Structures are given as C-alpha cells and as structure tokens.
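The values are calculated or read from the model by the stated rules, or taken from the named source; none is laboratory data. Predicted, not measured: the structure shown is a model, and the values here were computed from it. Methodologically, a virtual Cβ is constructed for each residue, glycine included, from the backbone with ideal geometry; neighbour enumeration extends over all protein chains shown.
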Amino acid sequence: MQPYIFYEQHLSKVSRSFTFCIRELPEPAKEWVALSYLLCRIIDTIEDSTWPNKETQFAAFQQMKSFLTESPSKEQFSSWLNSFPVNLVEAERKLLLDLPILLDDKNELPNPIKTALTNTTSQMVDGMAHFLTEYKTESNLSLPSLTAANQYCFFVAGIVGELLSHIFTYLIPTFEWTEGLLNQALHFGLFLQKINLLKDKGEDEAAGRFYIASREQLRQSLILNAQQALAFIQAIPVIPGRKYRLACAWPLFIGLASLKWIDKNWQRQTNYKITPRETKLLIQQTAQLIDDNHALETLFKRYLTEEAITPIPREIHSLPAWFETIYPKSSANINYLALGLL
C-alpha cells in the first residue's frame, strides 16, 4: 500500500474537515480508513458532478462498481475518466487520476477488510443510483420524506460507519464485533451525514438538491443518531482503542457544537459557523476526556440536552424490496425502525 502521505495529499484537498481525524488513527487503520474515504469520495464525485444526461452518469456509476471487483484495463480506465464533465475542480480530477493506485491498494488489504470495503462502496454506488433514478428530475433532486432522507443517509454514510466497525474490530484484539455495535456504527454515520445536510441546506438547494423535506423532523431525528454514535465510541476499548475513540469523538462533538450555529443560521438566515477557537478548545477537551465514558457523556449532554423521541410508526412497514436488494442483511439483527428506514 501507499504511505499515508499519499492519501493525505488528496484528503487535504477534498476533505480538510476529516483529515485531522483520520491522521489521529494508528497504522494501519490510518491508511485503511483514508483509502476507504477516498474511494467513497470518488463515488460522491460521480453523484454530484453536472452530467450531460443520466445515461452517462449511470454508466460512470456502473463502471466504477465493476472496477471495485475487477481492476480496469488502461483503455477502460481512460474511457471512464474521459466521460466526466470537463468542469471538475482540479482536486477531484487529480483524485480520479489516482483511482488505479487506490484500487491496487484495496486489493492488498486483508481479505475480510477488502470484502467489507468492496461491499460498502458497491452498496454506495447502487444506493446513490437508486435515489437519482427515483427522485431526480431534469434539474432537481427532491426527497419527499424523512424516511427517504434516512435511507439516503444510510447509503452515503451509515454503511461507512459499518465499515469502520469492521476495521476497528479487526485491528483491536479485545474489541468484539456484535450486532449491537453494527447498529451503533450505522447511527454514527447517519448523524454525521445529517449534520452535513443541515449545514449545507442552502447551498444544496441552490444547486437543486432538496434532501430535507421537513427540517424540524430531520433535526429531531438526529438526536437518537447522536446518542447511539456516542455509544459506538464508548464501546471502543479504552487503552488499545484510544486513538480510534478520539478519531470518532472529534467529528461527533464538533458536529454537536455546530448545531447551535446551524440552528441560528436557519432561524436568522445568517451564515455563522463554529469558530476556530471553539473548535480548538473542543478538540483539546475531548482529548483530555477520551478515556472516561462518564465524562464523555457529561460533555455530550452539554451540547445536546434534548431527549430522543422513540419513533412510533402509524403502520408497520417492511423494508422496500430495492433496499434489501442493495443491502441484503437478513441475518443481522438491525433495528431498521430506530434508524428511521421503515
């Protein structure tokens, strides 16, 4: 695999907010998570780019999915690369150019992690393609309900939390993977994605992406996601998993601290955000408390005082067939209701 600096040169250009969190991880988790993030970022580029038509975009998705299981020839890769819009930002195009290297690195991973990463990225491709098929018109993408938003967040971020659970339990000998941990990891991903949706709501809608049908409902729903995200971090063993806990706690608490500014922006139509000073102090405080689960819970309640409302459906729905086709987890005891997917 490439040294971490190779991944960071891309991370620092396409995701500065997560770079310092990933950098905190020990080797080889740092390299594995960075590689995973960059592959997901390429899939995100396919989703967000301005394509001349749906057919070209879907072809790019499907080719990317095929590359995940069988490395492309030079001709296949060149054809795929040339299909992208010419107006890509330079950092994204440079990342695309290094896809063959990333795919080679993926194939060097231990088999359980390689399988988990291939499954995650393939499911992300299929999930994004589904939402574009079902909810995108010629100019806009509009999700009609909180359930649809939860399902979208699941495929763009929840399954990334699941991938982290596999990487962490593989590398920490005393950390056992359980179905309870899986549920917590899925919530962790949903929370981070919902923070992004709330933060970027104005920018997304200006670009024709309407992910939030009801801001109030989405805002309320992330409380349970946040509580379960904290439980995910608290489940990581303290001594051998300290750096793993910290790498996950930082985005959780920065997201929580950002909520007051996100709410204020929505109420007053302003553009405030968490200050660098507040961020720095929170990073330091989290590092000081990271070994103490009770202290983490106290800090959590300082930022999120609301209690989660247990979802009570008017009818019991089953998962839609398309969802189970993309994410066939019939053997796993996943609480789909708590995740808001029903």
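Numerical summary
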{"quantity": "Qualifying residue in region 13-33 (condition: crowded, with 16+ Cβ neighbours inside 10 Å and small (G, A, S))", "calculated": "yes"}
{"quantity": "Region 186-241, subset under 17 Å from the mean Cα position of the chain (by Cα) and either outside the structural domain of S258 (by TED's automatic domain parsing) or of a type in the set (F, W, Y) (or both), residue nearest to Q269 (Cα to Cα)", "calculated": "Y211"}
{"quantity": "Test for Y327: is it within 30 Å of Y135 (Cα to Cα), touching a Leu at 6+ places or on another chain (Cβ under 6 Å), among the hydroxyl-bearing types (S, T, Y) and assigned by TED's automatic domain parsing to the domain that holds S142", "calculated": "no"}
{"quantity": "Selection within region 105-122 - assigned to a helix (DSSP H, G or I) and farther than 15 Å from I42 by Cβ", "calculated": "N107, N111, P112, I113, K114, T115, A116, N119"}
{"quantity": "Options L281, L304; residue that is in the same structural domain as T178 (by TED's automatic domain parsing), within 26 Å of R219 (Cβ to Cβ) and out of contact with any helix residue (DSSP H, G or I) (no Cβ under 7 Å at 6 or more places or on another chain)", "calculated": "L281"}
{"quantity": "Odd one out for Y7, checked against (1) under 17 Å from the mean Cα position of the chain (by Cα); (2) buried (at least 20 other Cβ atoms within 10 Å of the Cβ)", "calculated": "(1)"}
{"quantity": "Filter pass, P251 being loosely packed, with under 14 Cβ neighbours inside 10 Å, under 24 Å from the mean Cα position of the chain (by Cα) and at pLDDT 85 or above", "calculated": "no"}
{"quantity": "Residue check for A229: within 11 Å of A149 (Cβ to Cβ) and of a type in the set (G, A, S)", "calculated": "no"}
{"quantity": "Evaluation of L319 against (1) under 24 Å from Q220 (Cβ atoms); (2) of a type outside the set (K, R); (3) free of Cβ contacts under 8 Å to residues at least 24 places away in the same chain; (4) in a helix (DSSP H, G or I) (one fails), failing number", "calculated": "(4)"}
{"quantity": "Neighbours by Cβ (under 6 Å, 6+ apart or cross-chain): first from region 73-85, closer than 11 Å to A60 by Cα; second of a type in the set (G, A, S) and at pLDDT 95 or above", "calculated": "S83/A60"}
{"quantity": "Residue tally, condition in contact (Cβ under 8 Å) with a residue 60 or more places away in the chain and acidic (D, E), over region 18-30", "calculated": "1"}
{"quantity": "Flag if K94 is at negative phi, assigned by TED's automatic domain parsing to the domain that holds M1, surrounded by 15 or more Cβ atoms within 10 Å (Cβ to Cβ) and touching a residue at least 12 places away in the same chain (Cβ under 8 Å)", "calculated": "no"}
{"quantity": "Residues (crowded, with 16+ Cβ neighbours inside 10 Å and over 17 Å from C153 (Cβ atoms)) located in region 115-135", "calculated": "A116, L117, T118, N119, S122"}
{"quantity": "Residues satisfying the stated conditions in region 129-163, i.e. touching a residue at least 60 places away in the same chain (Cβ under 8 Å) and of a type in the set (G, A, S)", "calculated": "A129, S139, S142, S145, A148, A149, G158, G161"}
{"quantity": "Residue within region 121-133 that is polar (S, T, N, Q) and closer than 17 Å to V33 by Cβ present", "calculated": "yes"}
